[in-house]
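Please read the structure below before turning to the comments.
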Amino acid sequence: MDYLAEEAERRFDPRTLDARFRSVVSLGYPYAPPASANANSIDWRAEMRGRIAAYALGRDYHDYVLKAARAVAETIAEIRPGAITRAYVDTGPVFEREWAAEARLGWFGKNTMLLNRDHGSYFFLAEIFTDAEFEAAVEPYRDHCGTCRRCLDLCPTGALADGYVMRSDLCISYQTIENRGAIPHELRPKLGNWIFGCDICNDVCPWNGDAGSDGDANDLLPFLPELLTLDDAAFSRRFTKSAVKRAKRRGLLRNVAVALGNTRNPDAVPMLARSLESEKEPLVRAHAAWALGQIGGVGARRALEAAHARESDDQVREEIRAAQEIN
Ligand code: B12
């Protein structure tokens, strides 16, 4: 196990990024918590409304958080003239939560988020690596999760495990954002109406207190039928300044099809049938077929039959067959 200790050592050494770095300044940037009370009071199945994670609402955070971090970096360069600074936000190889825990911005929670007693977990992290030397935080590291296991127990897919670890392939956020292919069948019903990211393990955390402000319901709970009809140009127009663009059109529409299936609402059949007939992306057609299978009924069966006769993509044909079997 010595090797693991060495690795940890190495990761916590800013010189792995640039030999001149001596300090890491960790920053937290709060964002508005989701208006969950509102979200939970609507009948998303009847109204066919999806749900987007709070962090992805409004403008893409990468831009404004990086800007704010750069402003802090400039201040550092003023305090320490000539200092080299480099700001990071959400940069893959940087272990942001670990740096923030080291800096005592909070503790590494059971939901694998960096948690703070005053701000909960609805904040982004950013860092400034610098050659200027600063004194490190001196308070002892304290974990305030205690015996609470709400995030572990209430995650619909069971993605969080004891020991402050997550199985990211089970995380709704991973499936709806990072997974570029088909969503595993067993997870689809558990996604509910989440179509980009997920807030459940933050929402149920006692450190996050009550739900946030109202916001625009159309952003938080977008109308699924409208999203299913977005073409490339309309997708770009709507999401170009938003973090949602990361899922790409095909990923988002795949998620929308799954959420529509989860509504089990017969009103969704015509639009899913249309998608199965004329959507250009096989990935979306495949999930539209699954959704029709979930909703069932005469209209869904007819649409699946018609699609089976003309579909040429193997994966989509397989999904159609599976959907027909359960009907
Ligand atoms: C990849 C990634 C994801 C993946 C995987 C998440 C994960 N838990 O690893 C997915 C897509 C699932 C994801 C989802 C989300 N993410 Co994300 N993600 C990242 C990213 C880019 C890298 C994370 C990483 O290094 N993973 C690597 C693996 C090895 O980490 P791990 O499995 O958790 O393993 C570590 C822990 O177990 C840790 N550990 C275990 N016990 C202990 C104990 C202590 C004391 C310490 C210090 C560490 C520790 O050690 C392991 C090695 O690092 C970071 C940005 C960054 N560069 O850090 C943002 C980041 C973690 N994500 C963020 C956010 C906001 C989210 C979401 C809330 C978005 C959403 N609403 O959908 C969800 C939350 C899901 C969750 N519960 O974690 C924020 C978190 C802010 C905060 N307050 O903590 C970050 C920091 C981005 C940012 N700049 O703000 N994310």
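The listed residues are Gly293, Gly251, Gly297, and the only one of them that is of a type outside the set (Ser, Thr, Tyr) and on the phi > 0 side of the Ramachandran plot turns out to be Gly297. Of all the numbered requirements in (1) touching a Phe, Trp or Tyr at 6+ places or on another chain (Cβ under 6 Å); (2) modelled with pLDDT of 95 or more, Arg104 misses one, and that requirement is (1).
Within the range 116-131, can you find the residues that are in contact with a helix residue (DSSP H, G or I) (Cβ under 6 Å, 6 or more places away or on another chain) and either within 16 Å of Gly163 (Cβ to Cβ) or part of a loop (DSSP other than H, G, I, E, B) (or both)? Result: Ser121, single match. Listed here are the helices (runs of 4 or more DSSP H) enclosed by the range 147-258 that have at least 2 residues being of a type in the set (A, V, I, L, M) and within 16 Å of the ligand (Cβ to nearest atom): 150-154. Inspect all residues belonging to the range 131-142 and state whether any of them is surrounded by fewer than 15 Cβ atoms within 10 Å (Cβ to Cβ), at pLDDT 95 or above, more than 13 Å from the ligand (Cβ to nearest atom) and farther than 29 Å from Ala77 by Cα. The answer is no, given that none of the residues of the range 131-142 is surrounded by fewer than 15 Cβ atoms within 10 Å (Cβ to Cβ), at pLDDT 95 or above, more than 13 Å from the ligand (Cβ to nearest atom) and farther than 29 Å from Ala77 by Cα.
Number of residues in the range 118-163 that are in contact (Cβ under 8 Å) with a residue 60 or more places away in the chain, under 21 Å from Tyr29 (Cα atoms) and not hydrophobic (A, V, I, L, M, F, W, C): the value is 7.
One residue is enough: does the range 71-87 have a residue meeting the conditions within 13 Å of the ligand (Cβ to nearest atom) and either in contact with a Ser or Thr (Cβ under 9 Å, 6 or more places away or on another chain) or charged (D, E, K, R) (or both)? Within the range 71-87 (the criterion being within 13 Å of the ligand (Cβ to nearest atom) and either in contact with a Ser or Thr (Cβ under 9 Å, 6 or more places away or on another chain) or charged (D, E, K, R) (or both)), the answer is no, since none of the residues qualifies. Regarding the range 63-85, can at least one residue be identified that is aromatic (Phe, Trp, Tyr), touching a helix residue (DSSP H, G or I) at 6+ places or on another chain (Cβ under 6 Å) and more than 21 Å from Thr176 (Cβ to Cβ)? No, every residue in the range 63-85 fails to be aromatic (Phe, Trp, Tyr), touching a helix residue (DSSP H, G or I) at 6+ places or on another chain (Cβ under 6 Å) and more than 21 Å from Thr176 (Cβ to Cβ). Scanning the range 88-107 for residues being assigned to a helix (DSSP H, G or I), more than 18 Å from the chain's Cα centre (by Cα) and near the ligand (Cβ under 6 Å from one of its atoms) gives a total of 2.
Every residue in the range 88-100 that is among the small types (Gly, Ala, Ser) and at pLDDT below 95, please. Gly92, the sole residue that qualifies.
Considering the range 83-95, and only residues there that are surrounded by 17 or more Cβ atoms within 10 Å (Cβ to Cβ) and either of a type in the set (S, T, N, Q) or in contact (Cβ under 8 Å) with a residue 40 or more places away in the chain (or both), the residue that is farthest from Leu115 (Cα to Cα) turns out to be Ala83.
Checking the condition out of contact with any strand residue (DSSP E or B) (no Cβ under 7 Å at 6 or more places or on another chain) and either β-branched (Val, Ile, Thr) or surrounded by fewer than 18 Cβ atoms within 10 Å (Cβ to Cβ) (or both), which residue from Arg249, Arg264 passes? Don't jump to the end; show me each part of the working.
On the way: Arg249 fails: either β-branched (Val, Ile, Thr) or surrounded by fewer than 18 Cβ atoms within 10 Å (Cβ to Cβ) (or both).
So the residue among Arg249, Arg264 that is out of contact with any strand residue (DSSP E or B) (no Cβ under 7 Å at 6 or more places or on another chain) and either β-branched (Val, Ile, Thr) or surrounded by fewer than 18 Cβ atoms within 10 Å (Cβ to Cβ) (or both) is Arg264.
Among helices (runs of 4 or more DSSP H) entirely within the range 30-82, having at least 3 residues that are aliphatic (A, V, I, L, M) and crowded, with 17+ Cβ neighbours inside 10 Å singles out 61-79. The listed residues are Glu325, Glu318, Glu279, and the only one of them that is within 29 Å of the chain's Cα centre (by Cα) and surrounded by fewer than 17 Cβ atoms within 10 Å (Cβ to Cβ) turns out to be Glu318.
Within the range 282-298, which residues are crowded, with 20+ Cβ neighbours inside 10 Å and more than 24 Å from the chain's Cα centre (by Cα)? Once the filter is applied, which keeps residues that are crowded, with 20+ Cβ neighbours inside 10 Å and more than 24 Å from the chain's Cα centre (by Cα), the range 282-298 yields Ala289, Leu292, Gly293, Gln294, Ile295.
The values are calculated or read from the model by the stated rules, or taken from the named source; none is laboratory data. What you see is a predicted model, and the numbers here were worked out from it, not measured in a lab. Cβ coordinates were reconstructed from backbone atoms using ideal geometry, including for glycine residues, and neighbour counts include every protein chain displayed.
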